[in-house]
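Below is one structure; the comments refer to it alone.
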Amino acid sequence: MMVISGKRCSMVLVRSGGPTFTAQVLEPPSHGRAVVRGLRVTYVSHPNYIGEDHFVYAWKGLDMINRPRTSTVEMRVQVSQKL
């Protein structure tokens, strides 16, 4: 994920198959903030921060044949002054 310093960037949760029931940030970013609302993950860096960051989130739901599934995703973020 590439973002502009201090600006919000969001994406739809990475998932496969069936519905998602819950999602949460497991490991917050070191140089910003990440939140999960519904099926979106939003990241914003600290003001004027430039460089790399990362965070980890997980979601729980069902796969394509309705078996329980938990997935953990590590997001790597590149923060710059402009894209």
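Each reported figure results from applying straightforward, stated rules to the coordinates on display, with no laboratory input. Everything numeric in this text was worked out from a predicted model, so none of it was measured. Cβ sites come from the backbone with ideal geometry, for glycine too, and all protein chains shown count toward neighbours.
Tell me, in nm to one decimal, what length is gained between LEU39 and ILE4 on full extension, where the rule is 0.36 nm per residue of separation less the Cα-Cα distance?
Working: separation 35, 0.36 × 35 = 12.60 nm, distance 2.21 nm.
Net length gain for the segment: 10.4 nm.
Once label points are set 7 Å from the Cα along Cα→Cβ at both ASN66 and GLU52, what is their separation, rounded to one decimal in nm?
4.4 nm
Whole Å is fine, so just give me how far the alpha carbon centre of region 52-78 lies from that of region 1-48.
If we compute the Cα centre of each part, the gap is 11 Å.
With only Lys, Arg, Asp and Glu charged, each at its Cβ (+1 for the first two, -1 for the last two), find how big the charge dipole of the chain is about the Cα centre; round to the nearest 20 debye.
Details: 11 positive and 5 negative charges, 61 e Å.
The dipole of the chain has a size of about 300 debye.
Once you list every other residue whose beta carbon is under 15 Å from the beta carbon of ARG8, what net charge do they have if Lys and Arg are +1 and Asp and Glu are -1? Can you show the working numbers first?
On the way: positive: LYS7, ARG33, ARG37, ARG40; negative: ASP53.
So the surrounding residues net to +3.
Label points 7 Å out from Cα along the Cβ direction at GLN81 and SER30: separation in nm?
If labels sit at GLN81 and SER30, their model points lie 2.3 nm apart.
Net charge near HIS46: determine it from the other residues with C-beta under 11 Å of the C-beta of HIS46, scoring Lys and Arg +1 and Asp and Glu -1. Could the numbers behind the result be given before it?
Details: positive: ARG33; negative: ASP53.
Net of charged neighbours comes to 0.
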